1. With respect to the numbered conditions (1) part of a loop (DSSP other than H, G, I, E, B); (2) crowded, with 19+ Cβ neighbours inside 10 Å, which one is the sole condition not fulfilled by residue 292?
2. Might you let me know whether region 455-476 holds any residue that is touching a strand residue (DSSP E or B) at 6+ places or on another chain (Cβ under 8 Å), over 30 Å from residue 209 (Cβ atoms) and modelled with pLDDT under 95?
3. Would you mind telling me which numbered condition in (1) farther than 19 Å from residue 361 by Cβ; (2) not in a loop (DSSP other than H, G, I, E, B) residue 408 fails?
4. Could you count how many residues in region 555-565 are surrounded by fewer than 19 Cβ atoms within 10 Å (Cβ to Cβ) and closer than 25 Å to residue 276 by Cβ?
5. Identify, from the list 194, 189, the residue that is under 20 Å from residue 292 (Cα atoms), within 24 Å of the chain's Cα centre (by Cα) and not in a strand (DSSP E or B).
6. Restricting attention to region 148-161, does a residue exist that is buried (at least 22 other Cβ atoms within 10 Å of the Cβ), under 16 Å from residue 202 (Cα atoms) and modelled with pLDDT of 80 or more?
7. What's the number of the only condition in (1) surrounded by fewer than 24 Cβ atoms within 10 Å (Cβ to Cβ); (2) touching a helix residue (DSSP H, G or I) at 6+ places or on another chain (Cβ under 7 Å); (3) closer than 23 Å to residue 515 by Cα that residue 315 fails to meet?
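The values are calculated or read from the model by the stated rules, or taken from the named source; none is laboratory data. Values in this document were obtained by computation on a predicted structure and should not be read as measured data. Cβ atoms come from the backbone with ideal geometry, glycine included; neighbour counts cover every protein chain shown.
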């Protein structure tokens with residue numbers, strides 16, 4: 001294994017070819033994904049694999065394992081809920097599993113694996129069953145009915161996976177079939193770390209031109225049927241997370257930072273040296289990427305770890321049964337098992353006996369009004385969080401271009417009283433803040449078994465107690481009726497400053513990118529505008545750019561240019577946490593910002609004309625923020 005600082009990946013031609021190859025290795029033929037055409041013979045039932053038990057048997061230094069690829073019936077939600085007939089992996093003599101049986105061995109182990117293709121009509125394409133590190137393009141073909149024996153050394157320690165597919169890739173024809181993949185973990189020699197393995201699998205197909213039923217699963221289950229993880233204040237929780245899907249997923253942790261300790265792919269892994277590890281609350285997983293992370297919780301309560309793409313966590317869009325009537329009702333439910341679905345897991349942290357969950361006495365109180373006004377731009381509705389700045393209560397239909405930026409101070413406990421003037425319930429999640437669980441903003445979940453936070457009903461209010469141990473750039477946003485309320489404007493920047501430092505808008509610049517409605521190709525708003533107002537900045541001063549991404553899906557590319565040239569800036573923070581010295585460096589002013597991420601950069605410009613461009617989708621031109629420096 002090598003030690004190197006984390007860095008923003010650049011997709012090379014070789015990696016692009018690998019991605020195309022892996023796309024072909026994770027989908028099945030169209031016949032396997034039809035939910036309305038069932039196989040004539042009874043199919044074995046898929047077992048959700050929690051990745052606690054390794055497959056096979058180790059004899060001396062050799063793992064002996066026999067796997068079969070079979071057709072099976074998968075219930076990703078409730079045991080008696082909707083199902084699909086899929087292709088899955090099974091250890092011979094046992095039930096098929098999603099994700100596939102976990103291969104976990106120490107360094108120095110030899111793998112002696114027999115793979116049986118029990119499909120009568122498909123040749124299997126196999127990736128990931130080889131010695132690490134490897135040539136990522138290596139594959140094995142197994143014809144129908146055949147048994148192939150593979151013998152190889154496990155190789156370097158790390159977090160990997162393997163994937164098997166019959167048939168060529170065509171998303172429009174076959175959808176996504178990422179059910180035939182499993183974790184491949186190689187532990188350091190003489191060690192067996194106490195950790196958990198989480199594998200993301202996605203299944204879906206085009207039922208018609210507009211309907212795409214899908215199952216989005218973590219360890220074979222979709223929320224609220226995913227595993228509930230538990231721990232105690234002060235524990236060190238270690239997770240290996242594998243994105244075995246062809247989609248990217250910005251995975252977000254509520255309440256705490258995690259420490260990113262390693263990153264890899266199907267064929268190789270990089271373990272970061274201690275001084276190169278960084279903190280984050282949201283980390284984007286590119287397709288077929290692996291991560292290792294640690295969490296050290298210091299507060300009790302219920303928390304979430306979930307994908308921050310809106311359509312991957314809401315009822316209907318993230319379920320096999322896409323009943324939009326049910327989904328609309330469910331997203332307004334006070335039951336966390338109703339208003340969320342898909343790529344979500346729960347984490348419950350128990351207090352130690354000597355711990356008390358005490359809220360610090362607030363030294364400041366703010367009033368935040370949830371308003372709806374006249375339609376703007378393309379969104380059918382316009383909603384904003386509006387801060388009350390003096391004794392006058394804002395009018396119920398008053399809106400700002402973007403929800404009010406909240407400027408707070410590190411170490412100054414603050415109560416925010418949220419008044420809901422909408423005709424439906426809402427909530428507020430304080431994204432990235434280290435705060436008490438009850439105030440975290442997930443109705444029916446935040447808090448603990450004896451005291452769970454409610455949704456904020458129309459004409460009602462909720463007091464969020466914010467503790468502020470860290471200065472940085474954060475987000476606050478709705479966590480209920482997510483798709484409609486986020487695309488209507490219920491999100492804003494939350495800035496925490498060091499004590500004694502005032503916010504100076506002449507050098508401190510907030511840029512918030514979000515969606516504008518749901519009709520047609522995604523439209524982007526930049527600080528609430530479709531055509532950002534030109535700005536004038538001072539030359540010779542160091543400016544701080546605070547970038548906030550809170551769109552519903554795919555992230556945006558931010559680039560700062562002068563003419564045809566990309567300028568340079570210095571990266572200073574990610575998700576509100578200062579970057580380690582090895583990463584707080586001067587580099588080209590270009591970054592991809594995913595939903596739920598924030599980045600901070602410093603830039604000392606010379607006089608001239610500059611453009612900060614934001615490209616959210618190739619379907620629409622970039623937004624251009626013009627900046628004149630004098």
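1. (1)
2. no
3. If we test residue 408 against (1) farther than 19 Å from residue 361 by Cβ; (2) not in a loop (DSSP other than H, G, I, E, B), just (1) comes out false.
4. Matching residues across region 555-565 total 1.
5. Being under 20 Å from residue 292 (Cα atoms), within 24 Å of the chain's Cα centre (by Cα) and not in a strand (DSSP E or B) holds for just one of 194, 189, which is 194.
6. yes
7. (1)
For (1) touching a strand residue (DSSP E or B) at 6+ places or on another chain (Cβ under 7 Å); (2) part of a strand (DSSP E or B); (3) crowded, with 18+ Cβ neighbours inside 10 Å, each residue gets a yes or a no:
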position: 525; (1), (2), (3): yes, yes, yes
position: 533; (1), (2), (3): no, no, no
position: 548; (1), (2), (3): yes, yes, yes
position: 553; (1), (2), (3): no, no, yes
position: 580; (1), (2), (3): yes, no, no
position: 595; (1), (2), (3): yes, no, yes
position: 605; (1), (2), (3): yes, no, yes
position: 610; (1), (2), (3): yes, yes, yes
position: 614; (1), (2), (3): yes, yes, yes
